[in-house]
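Worksheet: one structure, shown below.
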Amino acid sequence: MNAQQKPTPPPEAVLIKEALKRERISGREAARRAVVSDSRWRQIINGYQTVSGTHVPVQAPADTLARMAQAARVTADQLRNAGRPDAADALTELAGTPTPSSLGEAEGAQAEAIATLLASLSPEGREHVLRRFQNGTPGAVSPADTSDIRHRRAG
């Protein structure tokens, strides 16, 4: 494949793009709902990213694709039929997780704000915050936590 030839989008990307049209959801809004950057959303939907002038094929990780499918209202069966059973399984797991639209207005806004903040953290920072929630101490800050955070900022 030469530098000018663009890879064909994978079936799951075509499925999501068609669902967005059908549901009348913009790519930007869907990316926001899925907590995926606009540029990454476009790469996945187009099936490639450009690296040094060369179009390199892109395949979304299952969890990212599941969030994208959820935002576009694509079902797990549709993902499975598009050849992504891994993403279908991840979407099934997500289905049990409340989304901002399934919560009350105030809780939905708070969930959106938290998701936006989490998306802005480094992977290590996000893991640290989520671990605290899993341990049942999201609001309690121990001296070890603040020491750990200070060392990350300094490093």
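The values are calculated or read from the model by the stated rules, or taken from the named source; none is laboratory data. Values in this document were obtained by computation on a predicted structure and should not be read as measured data. So basically every Cβ, Gly included, is an ideal-geometry build from the backbone, and we count neighbours across all protein chains shown. Surface areas here come from the heavy atoms of the whole protein model, side chains and all, with no ligands, DNA or RNA. Shrake-Rupley method; radii C 1.70, N 1.55, O 1.52, S 1.80 Å.
What the table below lists for this structure:
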{"read-out": "Search result, residues across region 11-36 that are part of a loop (DSSP other than H, G, I, E, B) and touching a residue at least 60 places away in the same chain (Cβ under 8 Å)", "value": "VAL35"}
{"read-out": "Tally, over region 59-99, of residues that are in contact (Cβ under 8 Å) with a residue 40 or more places away in the chain, within 17 Å of PRO10 (Cα to Cα) and in a loop (DSSP other than H, G, I, E, B)", "value": "6"}
{"read-out": "Selection from region 42-58 of residues that are open to solvent by 30 Å² or more (accessible area, probe 1.4 Å), free of Cβ contacts under 8 Å to residues at least 40 places away in the same chain and part of a helix (DSSP H, G or I)", "value": "ARG42, GLN43"}
